[in-house]
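A quick write-up on the structure given underneath.
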Amino acid sequence: MIETEGLWKSFRGRKATVEAVRGVDLSVQEGEVFGFLGPNGAGKTTTLRILATLVPPDKGRATVAGIDLRRSAGQVRRNIGYVAQAGGTWDQVSAREELILQARLFGIHKGEARRRATDAIEAFELTDFADRHCKTYSGGQRRRVDIALGVLHRPKVLFLDEPTAGLDPQSRAHVWAEVRRLRADGMTVFVTTHYMDEADALCDRVAIIDQGTIVAEGSPDELKREIAGDVVTLGVNGAAEKATDLLRTEPYVRRVEPADAMLVPARPNSPAATQLRLYVDEGGTAIPQILRLLEGAGLHLASIELHRPSLDDVFLEKTGRSLREVGD
Amino acid sequence: MYKLGRDSWLVFARQMGLLLRSPAWVFVGIMQPLFFLLLFGPLLKSIPGIGGNPYRFFIPGLLIQLSIFSGLFVGFSLIAELRLGIIERMRVTPVSRLALLIGRAASTVLLLLVQGILLVVVALPFGLTVQIGPLLLTLALLALIALGFSSVSYAIALWLKSEDALAPLLNLLSLPLLLLAGVFLPMDRGPRWLLRLSQFNPFKWATDASRALFAGHPGDPSVWKALIILGAVAVIGVTWAARSFARAVR
Ligand SMILES: Nc1ncnc2c1ncn2[C@@H]1O[C@H](COP(=O)(O)OP(=O)(O)O)[C@@H](O)[C@H]1O
Ligand SMILES: [Mg+2]
């Protein structure tokens, strides 16, 4: 549904040139929810804007819904919906008026536009507020209106830029439900996010982007499976160095890292600096051995935690940095 | 062509709807020239070179001022729309790029014409006289100015993308244009160099033409000159703005 090859985009500023997107290759299948996961500034929005015909790439090729982006941007526009992070509604206009105008901008005549607006209001559960001015909406309501505007013309592909950024958990769940419903209707959804739990829960496949390049691509499970084994997080009470030295040579430990610590040199007293992250073959058997080893050396653990690798671990593995810390 | 007209109408209708929903601005737009009419007009009675009734001198100039301002400051609303993501939302639809401009400019022009007619009607009891033909020509002139200048304002707004940069630039631009247009006082009373300078200002021609029209001389050379010059300004402005609308907007 979307194929890109070597997309490249740099912005020339007054002081420096920012290479926002540096050779992005993607392949999104029809009918899937594709997640574009990366920290702020990674190049997600820029890639999305390229694919939505808003900025031309410097280099590279892309087809969206089988149509060449460069050659027939107008044709692409008829087949996509795009919901920017900023939304895009006037304050003093109601959702219904916006929906009608949006339909009419796609060439739909008045009566049909009204009908579609009414249908969308029902489908996206906007009835309670559809005739109030947009400026009175909550963040979650606004997002739903934005998405309704994006799919009114029944596009094949929907681009959503950080649809749940800044939303409370309940509104988030509501937006996720809408995305799943659209997928069930056969729409391909391309969604950017810097929340790994969102990528994990919502997306069929994920591409992880960092500093303008894709560092990993696959289903969340595949990606996590790549980092075989388990992750153990130890609270080491400031004895991080000694514990690291002890653990590093153990045969069942693949890697020891200060959890998030390399990112927080500016905050030496942060709790993260006293945590270690261990990648082990098998958590269940590793934990007793770790405990024995550290107790024997006179180190007292503040906490120990075992978890399956998350997408954050994938990001850490690929980039050496943690998404939690880079994000926001 | 049909699509352009239809899309322009959609944009125009939305802009008019927004205007009517913030009547405060429409009100201010009408009150300002009225203040000039009531609080400044009487001063002109004692100025030599203006002729019998000062309103016959002053109202034609005031109309030009009104059209310059109503055109020049529309860029602010566009920057607000950029920030709200509205322009971006429109750009992903197949809407004609030219329509985004024409619809907006048309709403500016319509508002200006309503304000202008109101001003003329209010000034009639003060002794202003005008015939219907010349009045229509004047309105056409005003429409050209508003069209050209709202386009220029949109183009600059799309380029600067921030109110903080737009405001000083527009102020810098509007004041000399206005002063050199001879709206308030007759230019030919001043020193030669000032008069010469003012002749490079398209609005000097507009002011002269507007006065000639109200005086009942539609054949005056300043009239066709102004129509041509301001027509050219409008074409340049619209072309520039249409290109800006079509190009990438952040
Ligand atoms: N129009 C622009 N002009 C200059 N720099 C830009 C522009 N758009 C994005 N950037 C820069 O490109 C980089 C990537 O930005 P973006 O694609 O918005 O990242 P993300 O959406 O992943 O947070 C950032 O460093 C950002 O500052
Ligand atoms: Mg972004």
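The values are calculated or read from the model by the stated rules, or taken from the named source; none is laboratory data. From a predicted model like this one, the values you see are computed outputs, not experimental measurements. Positions of Cβ are generated from backbone atoms using ideal geometry, with glycine treated the same way; all protein chains shown enter the neighbour counts. Please note that ligands, DNA and RNA were not included when accessible areas were found on the heavy atoms of the full protein model with its side chains. Shrake-Rupley method; radii C 1.70, N 1.55, O 1.52, S 1.80 Å.
Between A:ARG205, A:ARG143, A:ARG308, the GNM of chain A built on Cα springs shorter than 10 angstrom shows A:ARG308 fluctuating the most.
Kindly tabulate the residues in the range A:99-114 with an accessible-area decrease of at least 50 Å² between the chain alone and the assembly of all protein chains, using a probe of 1.4 Å. Hits at the 50 Å² cut-off: A:LEU101, A:ARG104, A:LEU105.
Got a number for carbon plus sulfur as a percent of the protein assembly as shown's accessible area, 1.4 Å probe? The value for the protein assembly as shown is 58 percent carbon and sulfur by accessible area. Cross-link reach is defined here as a Cα-Cα straight distance under 16 Å, omitting same-chain residues fewer than 8 places apart; for A:LYS110 the lysines meeting it are B:LYS3. Bridgeable lysines around B:LYS225 (alpha carbons under 26 Å apart, same-chain partners fewer than 8 residues away excluded): B:LYS204. In Å², rounded to the nearest 100, what is the total accessible surface buried by chains A and B against each other with a 1.4 Å probe? Counting both chains, the buried surface is close to 2500 Å².
Highest GNM mean-square fluctuation among B:ILE102, B:ILE145, B:ILE86, for chain B modelled with Cα contacts below 10 Å: B:ILE86. Let me check I've understood the local charge: for A:ILE214, count other residues with C-beta under 13 angstrom from its C-beta, Lys and Arg +1, Asp and Glu -1. What total comes out? Residues near A:ILE214 contribute 0 overall. Rolling a 1.4 angstrom probe over the protein heavy atoms with all chains in place gives the protein assembly as shown an accessible area of 45 Å² per residue. Count Lys and Arg as plus one, Asp and Glu as minus one, and take only other residues whose Cβ is under 14 Å from that of B:PHE57; the net charge is then +2.
Across the range A:152-218, Cα pairs under 8 Å and at least six residues apart give a relative contact order of 31 percent.
Summing Cβ point charges (Lys, Arg +1; Asp, Glu -1) relative to the Cα centre of chain B gives a dipole of roughly 460 debye. When +1 charges are put on Lys and Arg Cβ atoms and -1 charges on Asp and Glu Cβ atoms, the dipole computed for chain A relative to its Cα centre reaches about 1480 debye. Karplus-based coupling profile of the range A:299-311, in residue order and whole Hz: 9, 9, 7, 7, 7, 8, 9, 10, 8, 5, x, 9, 5, with θ = phi - 60° in 6.51 cos²θ - 1.76 cosθ + 1.60 and x standing for Gly or Pro. Across chain B, Cα pairs under 8 Å and at least six residues apart give a relative contact order of 28 percent.
Computed on the Cα atoms alone, the convex hull of chain A gives a volume of 159 cubic angstrom per residue. In order along the range A:283-291, phi translates into HN-Hα couplings of x, x, 8, 6, 4, x, 5, 4, 4 Hz, rounded to whole numbers, per the Karplus curve 6.51 cos²θ - 1.76 cosθ + 1.60 with θ = phi - 60° and x for Gly and Pro. The accessible area of A:HIS109, taken with all protein chains in place and a 1.4 Å probe, comes to roughly 120 Å². Once the Cα atoms are used to define both axes, helix B:75-84 deviates from the longest principal axis of chain B by about 20 degrees.
Between B:SER198, B:SER153, B:SER22, the Gaussian network model of chain B with springs among Cα atoms under 10 angstrom shows the greatest mean-square fluctuation at B:SER22. Output the 0 to 90 degree angle, nearest 10, between the alpha-carbon long axis of helix B:163-179 and the longest principal axis computed from the alpha carbons of chain B. Helix B:163-179 sits roughly 20 degrees off the main axis of chain B.
For A:ALA123, neighbours were defined as the other residues whose beta-carbon sits under 11 Å from its Cβ, and their charges (Lys and Arg +1, Asp and Glu -1) total -2. For the range A:41-148, with the dipole built from +1 on Lys and Arg beta-carbon atoms and -1 on Asp and Glu ones, taken about the Cα centre, which of A:ALA95, A:THR46, A:THR118 lies farthest toward the positive end? It is A:THR46.
For chain A, averaging the sequence separation of C-alpha pairs within contact (under 8 Å, six or more residues apart) and dividing by the residue count gives a relative contact order of 19 percent. Between 0 and 90 degrees, the angle of helix B:97-123 with respect to the longest Cα principal axis of chain B falls at about 30 degrees.
Placing +1 on each Lys and Arg Cβ and -1 on each Asp and Glu Cβ, with no other charges, gives the protein assembly as shown a dipole about its Cα centre of roughly 3060 debye. Computed from the C-beta positions of B:ILE30 and B:PHE76 and an R0 of 22 Å, the FRET efficiency is 0.75 to the nearest 0.05.
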